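Down below is the structure, laid out as structure tokens.
The values are calculated or read from the model by the stated rules, or taken from the named source; none is laboratory data. Every value quoted in this text rests on a predicted model; they were computed, and no experiment measured them. Please note: Cβ atoms are built from the backbone with ideal geometry, for glycine as well, and neighbour counts cover all protein chains shown. Areas reflect the complete protein model, heavy atoms only, side chains present, ligands, DNA and RNA absent. Shrake-Rupley method; radii C 1.70, N 1.55, O 1.52, S 1.80 Å.
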Amino acid sequence: LLSALSSCEDNGTTTPLSSWIDRHHSGDVNTDVVLGTNDNRGSPLLIACELDMPAAVAVLLRRGADPNYRHPKGHGSMPLLRCAEMGHDQCLQALLGHPEIDVVEECATRDYKLVLGQNVPLYEAGGRSALMLAVEAGQERCVELLLAQGDDCDGTTSLLHRSDSFGRSPIEASFEKLSLRRGKRHGAAVVESQRRICRLLCTAAGMDYAVAESEMSISANGVCDRERKRNVELRARFVKKAHATQQEEMQRGLEIVEASYCHLRLHPKVYADAFPKEAMLLDVDTLGMPDAMIHEPLPGTFSLPLMKREHCKLIYEELLHYEKKANEQPYLGLPLHTRHDGNLGSLQNCGFQPLLHAVELILQPIVQQCLMPNKNGNELEVYHAFLTRNHVHRDENANFKVHCDKSDITLNICLEASDDLVGSTVGFYNNNPSDLGQVPTEEDRVYTHQHRVGHAVLHTGRQWHKPDPIVCGTRSSLIVWARRC
């Protein structure tokens, strides 16, 4: 495609481009160019615009390319937006000359999160028109072209009055940019170009430039402060949207579980919202008694017997049964959350809320007695749980790291352990306040927990710990995270 596009630019030859479209896209000029399995580069028109190839853009438009094309991925790039932001004025002019171009109604950016190297997020604000992008990027010629696309009888345009998602107009954005360019001591030519952009916008809006400048100009520091506040608001929007999406997906998944899996359950008694008394090793009514068998090997970490081996077996088999059904019968659409280590995660989204509620009921008095004996009214909510399975051939077996959890309280219940189990212990480390932020080393290990089926280890999320490699056999645990309400 690149060679065919270049032929249009270099010598005006359109045959290679037409042949490429016919050969690869069966004559459909709007089919996306996809490299490999998931590298969607967008339509040929979008690619030509991004490469600043106006002759190729003209050819593609004549062949029926959609000037209002939007990339299907989250960023939703459009030819007009890319040209305006990148300053490709000749390509922009070709697009604006198309009779079906939509400059105002649907042509705007979308909120988008781009993850850079080392997982550094970059947030792009939605609601910015082509004119706003050109103003922010200091593309003077593109601003002129877009203002010339007037649709109001008095010479102003809808673009001129279209605010971004923060309520800023292009004129306000232009004076902010002028203040920044002055404050950062750009060259005189750059500052003057931005000043001309401000004048163009004021003229189009019928505003006196001097009046507008006195009303809208602020210090560079003031602009930076506004940008920080907008970024905070933008990040909050992403968090809110992500949470809403997560809740919707969870609800859909739970509805599917209710409709498609309830009759397939292997051990229905696992879904009781309270553990049967005969299944328990620990009587929560005797927590304060000497024979409660709760040990505190280091401050804030407790080892305790919890439930009988038989009930652990039921829970473990039910979890594996659910996972098997979800894998073997994908047409059921059962939610299946596979963790980075291949284990079964997010059990709360897979219909196991009754089980987790049962854990919550026994966890509350234990935590109240052991971790917060002098604090009343500290309710706990179990919000996340997963199954971890350790075996000799697990990739992570020799690479476990010392870490803390994202919970207030963590409960690790051993559900399964083979008779030949060797290793797969959990090391706990001294939390030294003077070394806050420093990851402990093996010299700081103060307790090694030996897993037994039906027994649990309880600790705060801030406690440093690390699973040890397994030497022989298998061991599986239900990990429960809780937070204070």
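Less than 5 angstrom separates the built amide H of residue 337 from those of 345, all sequence-distant by 5 or more or on a different chain. Computed over protein heavy atoms with a 1.4 Å probe, the carbon and sulfur contribution to the accessible area of the chain reaches 50%.
Gain on full extension, evaluated as 0.36 nm per residue between residue 422 and residue 324 minus their Cα-Cα distance, stands at 32.6 nm.
Here the gap between residue 485 and residue 33, fully extended at 0.36 nm per residue and compared with their Cα-Cα distance, gives a gain of 157.8 nm. Taken about its Cα centre, the chain carries a charge dipole of roughly 600 debye when the Cβ of each Lys and Arg holds +1 and the Cβ of each Asp and Glu holds -1.
Charge dipole of segment 115-256 (Cα centre as origin; +1 on each Lys and Arg Cβ, -1 on each Asp and Glu Cβ, all else neutral): 620 debye, rounded to the nearest 20.
Across the options 51, 64, 302, the greatest Cα extent toward the positive end of the charge dipole of the chain (unit charges at beta carbon of Lys, Arg, Asp, Glu) belongs to 302. The phi torsions of segment 39-52, fed into the Karplus equation with coefficients 6.51, -1.76 and 1.60 and a -60° offset, translate into couplings of 9, 8, 8, x, 6, x, 5, 4, 4, 4, 5, 5, 8, 6 Hz, rounded to whole numbers, with Gly and Pro shown as x. Measuring nothing but how far apart in sequence close Cα pairs (under 8 Å, 6+ apart) lie, relative to its length, the chain scores a relative contact order of 10 percent. Peptides 411-422, 261-272, 28-39 ranked from most to least packed, by the mean per-residue count of other Cβ atoms within 10 Å: 411-422, 261-272, 28-39. Taken one residue at a time, the phi angles of segment 228-233 give Karplus couplings (6.51, -1.76, 1.60, θ = phi - 60°) of 4, 5, 5, 5, 4, 5 Hz. Gly and Pro are set to x. Positive-end ranking of 158, 88, 125 along the dipole of the chain, with charges on Cβ about the Cα centre, is headed by 125. Backbone amide hydrogens, once placed in the peptide plane, bring residue 280 within less than 5 Å of 308, excluding anything fewer than 5 places away on its chain. Using only the Cα atoms of the chain, build the gyration tensor, take square roots of its eigenvalues as a ≥ b ≥ c, and label the shape rounded, prolate or oblate: rounded if a/c is under 1.5, else prolate if a/b is larger than b/c, else oblate. Since a/c reaches 1.5 and a/b is larger than b/c, the shape of the chain is classed as prolate. Could you tell me the center-to-center distance, by alpha carbons, between segment 325-348 and segment 185-236 in angstrom? That distance is 51 Å. With respect to the chain, whose longest principal axis is taken over its alpha-carbon atoms, helix 170-183 is tilted by about 80°. Between residue 284 and residue 264, the C-beta separation translates, for a Förster distance of 35 Å, into a calculated FRET efficiency of about 0.60. Going by the alpha-carbon gyration tensor, a ≥ b ≥ c the square roots of its eigenvalues, is segment 379-485 rounded (a/c under 1.5) or, if a/c is not under 1.5, prolate (a/b greater than b/c) versus oblate? Oblate shape, in that a/c is at least 1.5 and b/c is the bigger or equal ratio. Here the spin labels are modelled as points 7 Å beyond Cα on the Cα-Cβ line, and at residue 338 and residue 274 they lie 3.9 nm apart.
Residue by residue, segment 406-419 carries 3J(HN,Hα) couplings of 8, 9, 7, 9, 10, 10, 10, 9, 6, 9, 8, 8, 6, 5 Hz when phi is fed to the Karplus relation 6.51 cos²θ - 1.76 cosθ + 1.60 (θ = phi - 60°); x denotes Gly or Pro.
Taking every protein chain into account, the accessible area of the chain amounts to 50 square angstrom per residue (probe 1.4 Å).
Decide, for segment 52-182, between rounded, prolate and oblate: order the square roots of the alpha carbon gyration tensor eigenvalues as a ≥ b ≥ c, take rounded if a/c falls under 1.5, and otherwise choose prolate if a/b is larger than b/c, else oblate. Since a/c reaches 1.5 but b/c is at least a/b, the shape of segment 52-182 is classed as oblate.
Under a 5 Å amide H cut-off, with hydrogens placed 1.01 Å from N, residue 446 pairs with 428, 429, 430 among residues at least 5 apart or on other chains. The local environment of residue 169, defined by Cβ-Cβ distances under 12 Å, has a net charge of 0 under the rule Lys, Arg +1 and Asp, Glu -1.
The slack between residue 310 and residue 235, meaning 0.36 nm per residue of separation minus the straight C-alpha distance, is 22.3 nm. Relative to the longest principal axis of the Cα atoms of the chain, helix 2-11 runs at roughly 10 degrees.
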